[in-house]
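Working notes, beginning with the structure itself.
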Amino acid sequence: MQTRKLSEDEVIRLALRLSAEGKRKLIEKIRIDDRTEWEALRAYGCQRAQAVFAENDLDWNRMTQDDREAALMRILDEPSA
């Protein structure tokens with residue numbers, strides 16, 4: 001089976017020709033993909049923050065959100081070694 005590579009502009013033009021239901025499905029798929037990507041990035045950031053806190057002898061799980069934010073600001077303001 002022969003395939004043709006489409007440019008992004010061609011894909012957009014085709015998407016605009018979809019029925020209302022087809023557009024809804026496409027938008028929902030994009031939202032799910034974006035949400036999945038965002039959740040992975042959020043989880044990575046949280047893991048990194050917890051590791052940095054541990055390196056600074058701070059217990060992430062025992063801190064309030066306000067305490068975490070204040071500690072993070074202190075860590076970020078420290079000069080690099």
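Among the listed residues GLU21, GLU39, GLU28, GLU10, identify the single one that is closer than 30 Å to ILE75 by Cα, acidic (Asp, Glu) and part of a helix (DSSP H, G or I). Working first, answer last.
On the way: GLU21 fails: closer than 30 Å to ILE75 by Cα; GLU28 fails: closer than 30 Å to ILE75 by Cα; GLU10 fails: closer than 30 Å to ILE75 by Cα.
Answer to the selection: GLU39.
Listed here are the residues, each with its yes/no results for (1) of a type in the set (Gly, Ala, Ser); (2) touching a Gly at 6+ places or on another chain (Cβ under 6 Å); (3) under 30 Å from GLU69 (Cβ atoms).
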residue	(1), (2), (3)
VAL11	no, no, no
GLY22	yes, no, no
LYS25	no, no, no
GLU28	no, no, no
ASP34	no, no, yes
GLU39	no, no, yes
CYS46	no, no, yes
| task | Exactly one condition in (1) in a loop (DSSP other than H, G, I, E, B); (2) surrounded by 10 or more Cβ atoms within 10 Å (Cβ to Cβ) is not met by ALA51; state its number. | result | (1)
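The numbers here are math on the coordinates, done by the rules we state, and not lab data. This is a predicted model, so every value here is computed, not measured. Because the Cβ atoms are built from the backbone with ideal geometry, glycine has one as well, and the counts that use them run over all protein chains shown.
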